[in-house]
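*Asks:* Handing you a structure now.
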Amino acid sequence: MALVPHDPMTRRLALSALVDRIGNGLFMTTSALFFTRSVGLSVGQVGLGLTIAGGCGVAASVPAGHAADRWSPPRLIVGLALLEAAGMLAYTRVHSMWTFLVVACLVAAAGQASVSVRNTLIAVAVPSERRASTRAYLRAVTNLGIGAGSALAAVALQVDTRTAYLVLIVVDALTFVVAAALIARLPMPPAAPGAASAHIDGARGLRALTDWPYLTMTVLNAVLTLQYGMLIVGVPLWIAGHTHAPRILVSAILVINTAMIVALQVRTTRRIDTVSAAARMAPWCGLLFSGACLIYALASGANAWVAGAVLIVGAIVQTFGEMIAAAVGWTMSYDLAQPDAPGAYQGVFSGGFAAGQMLAPLVVTVTAIHLGGIGWLILAAVFAAAGAALAPVTRWTVRTRTVSVPA
């Protein structure tokens, strides 16, 4: 795919995602300090509130997918973006745990619902042979936007006043409005096969919740999603409490991860655009994540220079696994969904992904951080097993499809 896609829909989606993620980067970087230093919540309250909000996001995925099968995805995305904007502005009025919890749940539910609807829009409006590459391009743009927003947020972190944090929250809310305006001008996608009767036959949408091969694939993908907890929580805590590596390495590793995804995600995805290719590559995802776990464990006890080098190598190995796993998940989620209920299936898959991300910090902390080297070994075994199991589960899913799977 070119640096600027030729397809106008992809360009519009990418620009919307870029604006949206710049705002997300602004808020993600400063939210912890805002909630603790300005609102007055404890670290434990913030963690509990965000975990509950994550559960609300998971719960919103499936209903959002059903809605996308019944109504226009672009219009739903616009409505959800405006709801997120309202939620962000509501953060400026948060002064207690309960108000924080209500607003956080609203923002998380609207955000995750928007993910399900966007994925459905790609499923019904982008040809099957371009879906994976489109998602790859959008993911690269997303990481670029988050990185830019995080860099801009450094100004507010340096000022460290309530006014500075409130300004960033308002700017983030405005990015949702701009992103919504860009989506509102998208041409309406063609109806998915069977969509007309799906308005009447709700059982077609509910079938996604009883499609056991697809659900099993979703669960295995959610297990692989636990790897996000390593970079966000596991590696920072491991560096700070179990190695002699300098703590600034945490930022360096995140920069390496972001830069690799921006530069290589599209290229990595090119050869993983069929179900058979995804099934072949799935075990490699697990092996790469497993290898990263073992490499991270080796950093304990080494001197600062050796530990730093080992951790960087581990991050590079993990990022290659992350890019392959993303492409595998996109291809499987689209090509193995029943075509008469794309929204319902994308809602299920997005919900599994969100559940994995929600549980990732807890799982990584309980294993790698609390158990040390043994914990990293446990994680390595889990990732290897999940990746290996995806291949036979994919073949099982293909055998149960009522229509031919794109070759």
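The values are calculated or read from the model by the stated rules, or taken from the named source; none is laboratory data. Quick caveat: nothing in here was measured; it's all calculated off a predicted structure. Here Cβ is always computed from backbone atoms with ideal geometry, including for glycine, and neighbour counts include all displayed protein chains. The protein model used for the area step is the full one, side chains on, heavy atoms only, and it has no ligands, DNA or RNA in it. Shrake-Rupley method; radii C 1.70, N 1.55, O 1.52, S 1.80 Å.
*Asks:* Add +1 for every Lys or Arg and -1 for every Asp or Glu among the other residues with Cβ under 14 Å from the Cβ of ALA277, and state the total. If you can, show how the numbers build up before the last one.
*Replies:* Working: positive: ARG131, ARG270, ARG271, ARG280, ARG395; negative: GLU129, ASP273, ASP335.
Taking every other residue near ALA277 into account, the sum is +2.
*Asks:* Express the accessible area of the chain per residue in Å², computed with a 1.4 Å probe while the remaining protein chains stay in the model.
*Replies:* 42
*Asks:* Next question, about the same structure. Using per-residue counts of other Cβ atoms within 10 Å, averaged over each peptide, order 363-369, 118-124, 240-246 from highest down.
*Replies:* Ranked by mean Cβ neighbours within 10 Å, highest first: 118-124, 363-369, 240-246.
*Asks:* Separate question: Give the carbon-plus-sulfur fraction of the accessible surface of the chain in %, rounded to a whole number; probe 1.4 Å, heavy atoms of protein chains only.
*Replies:* Carbon with sulfur: 71 percent of the solvent-accessible area.
*Asks:* Additional query: For the stretch 203-287, report the convex hull volume of the alpha-carbon atoms normalised per residue, in Å³, without decimals.
*Replies:* Values: hull volume 12.2 nm³, N = 85.
Taking only Cα atoms, the stretch 203-287 has a hull volume of 143 Å³ per residue.
*Asks:* Also, I was wondering about something else. Which Cys in the chain stand alone, with every other cysteine's Cβ at 4.7 Å or more from theirs?
*Replies:* Here CYS285, CYS293 come out as lacking a disulfide-compatible partner, given the Cβ-Cβ threshold of under 4.7 Å.
*Asks:* Using a 7 Å offset from Cα along Cα-Cβ at VAL177, what residues in the stretch 12-30 end up with backbone N under 20 Å from the label point?
*Replies:* 15-28
*Asks:* Please list, in chain and number order, the residues 5+ apart from HIS244 or on another chain whose amide H is under 5 Å from its amide H, with Hs placed from the backbone.
*Replies:* HN-HN under 5 Å from HIS244: GLY301, ALA302.
*Asks:* Take the alpha-carbon positions of the chain, form their convex hull, and give its projected area averaged over all directions (one quarter of the hull surface) in nm². Walk me through the numbers before you get to the answer.
*Replies:* Numbers: hull surface 73.2 nm².
The orientation-averaged projected area of the Cα hull of the chain comes to 18.3 nm².
*Asks:* Counting Lys +1, Arg +1, Asp -1, Glu -1, what net charge surrounds LEU33 among other residues with beta carbon under 14 Å of its beta carbon?
*Replies:* +1
*Asks:* Given the protein chains as shown and a 1.4 Å probe, how many square angstrom of HIS370 are accessible, to the nearest 10?
*Replies:* The accessible area comes out at roughly 130 Å².
*Asks:* Can you give the net charge of the other residues whose Cβ lies under 11 Å from the Cβ of ARG135, counting K and R as +1 and D and E as -1?
*Replies:* +3
*Asks:* Next question. Expected output is a single nm value to one decimal: the length gained when fully extending between VAL43 and LEU362, i.e. 0.36 nm times separation in residues minus the C-alpha distance. What is it?
*Replies:* 113.3 nm
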